[in-house]
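Some notes on the structure that comes next.
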Amino acid sequence: MYSRTQNDNGSYNTRCLDCFMTIASSVETEEELFERETKHVCPEKALSELLAMEKAIDADPDSGNPRHLN
């Protein structure tokens, strides 16, 4: 999720709402803004996903084992 603002000169800024990193500033078009946003790898979101996976594995230790049969 991103917060977009438009500058007085018509260019755009965007900021990630998860890590609050500025993704782009003074970008001329919305297409370029979208491109920059899709390339952003949010460290906060990545860490959150890793912790969720770890929690799921801790809840069922055999779930991460490919040889585990139900």
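The values are calculated or read from the model by the stated rules, or taken from the named source; none is laboratory data. This one's a predicted model, so the numbers in the text were calculated from it and none came from an experiment. Cβ: placed from backbone, ideal geometry, glycine included. Neighbour counts: every protein chain shown.
Write out, first by first residue and then by second, each pair whose Cβ atoms fall under 7 Å of each other, whose residues are 6+ apart or on separate chains, and whose first residue, in the range 2-18, is of a type in the set (G, A, S) while the second is outside any loop (DSSP other than H, G, I, E, B) and loosely packed, with under 12 Cβ neighbours inside 10 Å.
S11/S26
Based on what the data block shows, is D8 assigned to a loop (DSSP other than H, G, I, E, B), at pLDDT 90 or above and surrounded by fewer than 12 Cβ atoms within 10 Å (Cβ to Cβ)?
yes
Identify the residue in the range 31-42 that is exposed (fewer than 12 other Cβ atoms within 10 Å of the Cβ) and not hydroxyl-bearing (S, T, Y) and, among all such residues, is nearest to R4 (Cα to Cα).
The extreme case among them is E31.
With over 17 Å from Y2 (Cα atoms), surrounded by 11 or more Cβ atoms within 10 Å (Cβ to Cβ), in contact with a helix residue (DSSP H, G or I) (Cβ under 8 Å, 6 or more places away or on another chain) and not basic (K, R) as the only criterion, which of A24, A56 stands out?
Answer to the check: A56.
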